[in-house]
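The values are calculated or read from the model by the stated rules, or taken from the named source; none is laboratory data. Only a predicted model underlies this, so the values are computations on that prediction, with no experimental measurement involved. Neighbour counts are summed over all protein chains in view; Cβ atoms, including those assigned to glycine, are modelled from backbone coordinates with ideal geometry. Ligands, DNA and RNA are excluded from the accessible area calculation, which covers all protein heavy atoms including side chains. Shrake-Rupley method; radii C 1.70, N 1.55, O 1.52, S 1.80 Å.
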There are 2 protein chains.
Amino acid sequence: MINRQLLHPESIVVVGGSNNVHKPGGALVRNLISGGYKGTLRIINPKEDEVQGIKVFHDAGELPPTDLAVLVIPAKMCPESVETLARDKGVRAFIIISAGFGEETKEGAELEQRIVDTCDKYGAALIGPNCIGLMNSWHHSVFTKPIPTLHDKGVDFISGSGATAVFILESAVIKGLPFNSVWSVGNSKQIGIEDVLQYMDENFDPERDSHIKLLYIENINNPDKLLFHAGSLIRKGCRIAAIKAGSSESGSRAASSHTGAIASSDSAVEALFRKAGIVRCFSREELTTVGCIFTLPPLTGRNFAIVTHAGGPGVMLTDALSKGGLNVPKIEGPEADELKSLLFPGSSVSNPIDILATGTPEHLSLAIDYCEHKFKGIDAIFVIFGTPGLVQLYEAYDVLHKKILECKKPIFPILPCLHTAGPEVAEFLSKGHVNFSDEVTLATALTQVMKTPRPASPEIELFGVDVPRIREVIGRIEGNGYISPEHVHELLECAGIPMVPELVSADKAELEAFAEKVGYPVVAKVVGPVHKSDVGGVALNIKTSSQLEYEFDRMMQIEGAKGVMVQKMLRGRELFIGAKYEPRFGHIVLCGLGGIFVEVLKDVSSGLAPLSYDEAYSMIRSLRAYKIIRGTRGQKGVNEKKYAEIIVRLSTLLRFATEIKEMDINPLLADENDIVAVDARMRIEK
Amino acid sequence: MINRQLLHPESIVVVGGSNNVHKPGGALVRNLISGGYKGTLRIINPKEDEVQGIKVFHDAGELPPTDLAVLVIPAKMCPESVETLARDKGVRAFIIISAGFGEETKEGAELEQRIVDTCDKYGAALIGPNCIGLMNSWHHSVFTKPIPTLHDKGVDFISGSGATAVFILESAVIKGLPFNSVWSVGNSKQIGIEDVLQYMDENFDPERDSHIKLLYIENINNPDKLLFHAGSLIRKGCRIAAIKAGSSESGSRAASSHTGAIASSDSAVEALFRKAGIVRCFSREELTTVGCIFTLPPLTGRNFAIVTHAGGPGVMLTDALSKGGLNVPKIEGPEADELKSLLFPGSSVSNPIDILATGTPEHLSLAIDYCEHKFKGIDAIFVIFGTPGLVQLYEAYDVLHKKILECKKPIFPILPCLHTAGPEVAEFLSKGHVNFSDEVTLATALTQVMKTPRPASPEIELFGVDVPRIREVIGRIEGNGYISPEHVHELLECAGIPMVPELVSADKAELEAFAEKVGYPVVAKVVGPVHKSDVGGVALNIKTSSQLEYEFDRMMQIEGAKGVMVQKMLRGRELFIGAKYEPRFGHIVLCGLGGIFVEVLKDVSSGLAPLSYDEAYSMIRSLRAYKIIRGTRGQKGVNEKKYAEIIVRLSTLLRFATEIKEMDINPLLADENDIVAVDARMRIEK
């Protein structure tokens, strides 16, 4: 329950504030003072009379009513302190820096719970425990350094780890990235990352609030909440990037089926981020680079001009952009010739625009102006400008400063000489700009931004899916485990997914009649054993009734055989759809071409159910083998629209049947007209 | 012709040296003086009597004999100056900083040529023109900043671009990377990157010389020379990394055939680097990070311990290492328990070893000692150590300093707090260490290092290849273009590559007799048209002689038909081998599974002919679909040894038949026993 007292306290008490700035209690007071906190700052410390020039209360009893308390005292003293302050002093927000709670011991977890109960009882906000604190432009209630530049349009940064937050800030301050708020949620006992996002979403004011959110996440406690509020904020115009650390552990998880092995929990994170429209980052460097990109006007296209006074970095940047599917289009024509005539001989304007090492600030200004006003089809401008140490760069960087303010197209400053031109870069940053010191790191981060889709529609596609009947079928199934082909058939039917004509029976004559009806050739499969082909339980291309009789008799001898399924034999391209239920996330749906594409090449893409048509198309089109689906080299493709439809319908079915923990349809047979499911398995846990 | 006068001049004259340190002539003199040059420094400048405290000669005539001349005068004055100095003053090494030569105009190219001719005539070394110069620990003959730390075991850095060299040095000094020499070769008129490598290779002294070379390359003028000397240096114990800028332009190159389109010139670079054992980098940041890795002892395995006092970066590092195929093995057992008991409660030792934010320098020391001495199966140690700003890190970094000197296992220091702990990091670097400020950037660079193979054997595998006959067949072929199937057949036979039995003829009876002999079914293909299937010139599965007669008559009607080829029809897995001649590089050989694997999935790997068996196996095993070749899920694989043999033999054939500009064998049919070529095309240009 984030409140005014937490965000904008009129008064703060630091419980455990001290004179020793090498300890958290002292450093926190120092940060509050040097951060220019304008409310009333109070301190409780039984052993001191004055701390850093501030009069000290020896005990909570003496304290006047206060808005926010920051606790920097031993864990076991916290519950009582919180109780006293909330009950007697009207404190309605707590930041607990202290460690030694649930992250360490069972006793600690109990202490923690008492604090949460107290806070909930009094309607008080609680950040922590075990965190570095919270800072915004009103109050710097953190004990750590560095303190970044803070202003309203800076980044809102929420971190699940305090030390990592510090290191991310280190990476940010060097780039000039400004912040609006920094939240270290620690053990997240009352307020976690998802709750902060919820607050920001529900109270969003596009004029007042920052539009940039960066997250460092170790555990996604509430995926639905994260998805809902992140997606909602992005739809309101925000831009969000996040690291989810721990992507590799998932690799070791065992899973009972094929689909299970592919749909690791990391693919759940991946699918969640894509669905929400969150840019996924994997390092501190990447997160802060994306943060800097977010401070610039949003890109309206993929065509970039590069203005440089050094050839090499321009070429490396071009390489990296091209690798990421972004363009550095050739610039030519009379206006290009005109610019060339205004630069030194030997300059190149064909993009990269190389104004040469001897290029002046005026040349830089001209080149930017031509990109902004004259050259067609340019969406943004990169400027690479360093120095071999002969002259200072104040003038050139002042040109860059003015052009960034003036131009409508985003300008990405790449200033590589952090050592030789340190003071000039610092002055440039002090004017409110960011700097990307390595052009390839920038291009890689930009690629990651550009390939992140818009948030998916939160609506569920219900058309053609019979939800009441799904619930009725699920209700009827007894026990857990793989369900019978008839039930699979029924559930797919409820979702309107077409299936190959088939009949399951233990009656030979009935099966023969069915085969006559649908027409030979047919396929026969034993019913009962799970891994049918391993026990010789599949016979393809049965052309006559006598062949069918023979196979029926043979299969009924297989151990566990309960009957035989006869299907019409079809031909077509094999497709695959699978799904796995990931606790808390819901169903991860996978699609791909069947056979070796899934099994050997692992060419599958994933999405989080329920899926929209846009998401289904995006999944299909991100397959490496997509060309085969589209059709290639004279070979006809498959009906992509129907494939998307089946993916969407299946995802809706799963949304209403969370008892299905694992399933696959493998294969579906597809041609340019139709797609039908041939074989499917579902495992249920109620 | 690199010589003593260039590397260790007893005397240097700066022609155009001045007092204005904002111009190259002044900055260069300043750098020589502040670099502590111990030889005799002279200056020629008609307008000054003294420059930066040094007596000036107004004209070359007055100059005593001098070893090295650095020219910082207008381009058109250079040729005469060089002539005078070489002829009259015994100057045997020139560094020409001046620009305005071949890089700008035709006249400039002529001036340049006159200089080269003079230098060659007098046996003088020439660096440039159009460069920032050359620096080593003896003389800093560059006009630029920054000047990195220089010592004997630092990096030898050779750059094809001066401005880029400056920016790479910027990225290096921040990391503490030391240099032994920096070469800016400019227009490379006499000495290019390859020549510097050749000199280093031919004069290599493992005791005296640096073992680390970094290259920034824009054009590979002599791929053979680069390959030979880079490979040779690496075999002598050196480690080389390089950027080749301009990898994306290649994408736009048109090529007449399928193979041509895949084997772009960038894949030639890729293949060359792999063959030489050069670690390929794509950014300044990556190159300098790899350079820093090279300063540490070489890795002997892929198992890493992570010692950290912050959880998050340890997790992100683990993720990034796992993604790159490197391991962070679980540490457990009595010795792990012992370490845990020595750390603060709540520490983790299971790897990452988290000594907690409160962990002391002693804890750091202990954790490193356990990784070095007690924990089995650890090849290297990462140490992540920053600060939230409470205490200074001098003590902790001193522990790290001592452990790096003491331990046999490489220790990678990750010190993230460049801002808050700036002075501590600087002191650490001043003791001769490097720093990786971002753990994921390090892991990515390390992955690149670990996946670079050892240099390939320079020997050509001749066994089973009939070179004289290859030359005889090539000599016999008239004209350019696609050659006849008979000639293709003959050439493959010379290389000992097995082919499906086939006969080309325009005589129907002869073909029928052949089909009877090899046995039906057979395949018939028209001979003449290049794209046979597009004109209906292929018929599969011909089972009778009357069917063959019908197809023969039909095919002979196709425009351009010269005859019909009949082959035995075989079954098996389709494989592909192709090659393309890349000017200056030689043949790029591609391999992969045929059909959609090549055409849609672009799953091919490449190597530079001639290929060793090791290289061929490495190519095959780096295919995404390698599992299919090895055999998977009950499906038999194909004979990998024979596939490698065919790749090696074909590459030898191509080495002796550079007239073959493009070729492919598509498909080869393979099973677990045999591989035979079914169809092949070759295009020759003499």
**OP:** Please note which strands (runs of 3 or more DSSP E) are completely contained in the range B:5-62 and include at least 1 residues that are over 16 Å from B:A86 (Cα atoms) and more than 14 Å from chain A (Cβ to nearest Cβ).
**Re:** B:40-44, B:54-57
**OP:** Answer yes or no as to whether A:K568 is touching a helix residue (DSSP H, G or I) at 6+ places or on another chain (Cβ under 6 Å) and closer than 25 Å to A:I596 by Cα.
**Re:** yes
Original post:
Across the range B:606-618, which residue is nearest to the other protein chains (Cβ to nearest Cβ) among those that are among the aliphatic types (A, V, I, L, M) and in contact with a Lys or Arg (Cβ under 9 Å, 6 or more places away or on another chain)?
Top reply: B:L608
Original post:
What are the residue pairs meeting all of these: first residue in the range B:276-294, first residue more than 10 Å from chain A (Cβ to nearest Cβ), second residue acidic (D, E), Cβ atoms under 8 Å, and 6 or more apart or on different chains?
Top reply: B:R280/B:E270
**OP:** Identify, by number, the condition in (1) closer than 15 Å to A:C591 by Cα; (2) surrounded by fewer than 17 Cβ atoms within 10 Å (Cβ to Cβ) that A:I647 doesn't meet.
**Re:** (2)
Subject >> Count - residues of the range A:13-39 that are in contact with an Asp or Glu (Cβ under 7 Å, 6 or more places away or on another chain) and within 26 Å of A:K121 (Cβ to Cβ) >> reply: 1
Original post:
Looking at the range B:387-394, is at least one residue outside the structural domain of B:L150 (by TED's automatic domain parsing), open to solvent by less than 30 Å² (accessible area, probe 1.4 Å) and within 23 Å of B:P178 (Cβ to Cβ)?
Top reply: yes
Original post:
Within the range B:423-446, can you find the residues that are within 14 Å of chain A (Cβ to nearest Cβ) and acidic (D, E)?
Top reply: B:E424, B:D438, B:E439
**OP:** Scan the range A:184-203 and report the pairs whose first residue is closer than 13 Å to A:N219 by Cα and whose second residue is outside any loop (DSSP other than H, G, I, E, B) and open to solvent by 40 Å² or more (accessible area, probe 1.4 Å), with Cβ atoms within less than 6 Å and a gap of 6+ or a chain change.
**Re:** A:E194/A:K225
Original post:
Any residue at all in the range A:365-375 that is among the hydroxyl-bearing types (S, T, Y), open to solvent by 20 Å² or more (accessible area, probe 1.4 Å) and more than 14 Å from chain B (Cβ to nearest Cβ)?
Top reply: yes
Original post:
Within the range A:310-324, can you find the residues that are facing chain B (nearest Cβ under 7 Å) and open to solvent by 10 Å² or more (accessible area, probe 1.4 Å)?
Top reply: A:G311, A:V315, A:T318, A:D319, A:A320, A:S322, A:K323
Subject >> Where A:S430 falls short, out of the listed (1) among the hydroxyl-bearing types (S, T, Y); (2) open to solvent by 60 Å² or more (accessible area, probe 1.4 Å); (3) touching a helix residue (DSSP H, G or I) at 6+ places or on another chain (Cβ under 8 Å) >> reply: (3)
Original post:
If you scan the range B:149-161, which residues turn out to be open to solvent by 10 Å² or more (accessible area, probe 1.4 Å) and either within 13 Å of chain A (Cβ to nearest Cβ) or among the hydrophobic types (A, V, I, L, M, F, W, C) (or both)?
Top reply: B:T149, B:L150, B:G160, B:S161
Original post:
All but one of (1) within 20 Å of B:P453 (Cα to Cα); (2) surrounded by fewer than 18 Cβ atoms within 10 Å (Cβ to Cβ); (3) free of Cβ contacts under 8 Å to residues at least 40 places away in the same chain; (4) within 10 Å of another protein chain (Cβ to nearest Cβ) hold for B:N327; which doesn't?
Top reply: (4)
**OP:** Pull up the range B:51-70, narrow it to residues that are open to solvent by less than 10 Å² (accessible area, probe 1.4 Å) and closer than 24 Å to B:R4 by Cα, then point me to the one that is farthest from the chain's Cα centre (by Cα).
**Re:** B:L63
**OP:** Those residues that are over 19 Å from A:C131 (Cβ atoms) and more than 34 Å from the chain's Cα centre (by Cα), I need them from the range A:1-20; list them, please.
**Re:** A:E10, A:S11, A:N19, A:N20
Original post:
Residues in the range A:506-549 that are acidic (D, E), surrounded by 16 or more Cβ atoms within 10 Å (Cβ to Cβ) and within 50 Å of the chain's Cα centre (by Cα): how many?
Top reply: 0
Original post:
So which residues in the range A:630-674 are free of Cβ contacts under 8 Å to residues at least 60 places away in the same chain and in contact with a Phe, Trp or Tyr (Cβ under 7 Å, 6 or more places away or on another chain), if there are any at all?
Top reply: A:A644
**OP:** Could you please let me know if A:R454 is in contact with a Gly (Cβ under 6 Å, 6 or more places away or on another chain), closer than 25 Å to A:I577 by Cα and charged (D, E, K, R)?
**Re:** yes
Subject >> A:I132, sole failed condition from (1) assigned by TED's automatic domain parsing to the domain that holds A:T84; (2) out of contact with any Gly (no Cβ under 7 Å at 6 or more places or on another chain); (3) closer than 27 Å to A:S34 by Cα >> reply: (2)
Original post:
Hey, does the range A:597-605 have a residue that's open to solvent by 10 Å² or more (accessible area, probe 1.4 Å), under 26 Å from A:S457 (Cα atoms), within 14 Å of chain B (Cβ to nearest Cβ) and of a type in the set (A, V, I, L, M, F, W, C)?
Top reply: yes
**OP:** Given the conditions (1) under 19 Å from B:K376 (Cβ atoms); (2) part of a loop (DSSP other than H, G, I, E, B); (3) small (G, A, S), report the number of the one that B:A336 does not fulfil.
**Re:** (2)
Original post:
Can you tell me which residue in the range A:199-222 is farthest from the chain's Cα centre (by Cα), limited to those that are at pLDDT 95 or above, surrounded by 16 or more Cβ atoms within 10 Å (Cβ to Cβ) and not hydrophobic (A, V, I, L, M, F, W, C)?
Top reply: A:D209
Original post:
When you go through (1) open to solvent by 30 Å² or more (accessible area, probe 1.4 Å); (2) hydroxyl-bearing (S, T, Y); (3) within 14 Å of chain A (Cβ to nearest Cβ) one by one for B:S98, which number turns out not to apply?
Top reply: (1)
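Looking at A:A93, A:A86, which one is over 11 Å from A:G128 (Cβ atoms), modelled with pLDDT of 95 or more and under 33 Å from the mean Cα position of the chain (by Cα)?
Details: A:A86 fails: under 33 Å from the mean Cα position of the chain (by Cα).
Within the list A:A93, A:A86, the selection yields A:A93.
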Original post:
Any residue at all in the range A:558-580 that is without any contact (Cβ under 8 Å) to a residue 12 or more places away in the chain and either of a type in the set (G, A, S) or open to solvent by 30 Å² or more (accessible area, probe 1.4 Å) (or both)?
Top reply: no
Original post:
Where residues in the range A:162-180 are among the polar types (S, T, N, Q) and open to solvent by 10 Å² or more (accessible area, probe 1.4 Å), which of them is nearest to A:T288 (Cα to Cα)?
Top reply: A:S171
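Mind listing whichever residues of the range A:407-422 are within 13 Å of chain B (Cβ to nearest Cβ) and of a type outside the set (S, T, N, Q)?
Going through the range A:407-422, the residues within 13 Å of chain B (Cβ to nearest Cβ) turn out to be A:414-422.
A:I414, A:L415, A:P416, A:C417, A:L418, A:H419, A:A421, A:G422 - these are the residues of the range A:407-422 that are within 13 Å of chain B (Cβ to nearest Cβ) and of a type outside the set (S, T, N, Q).
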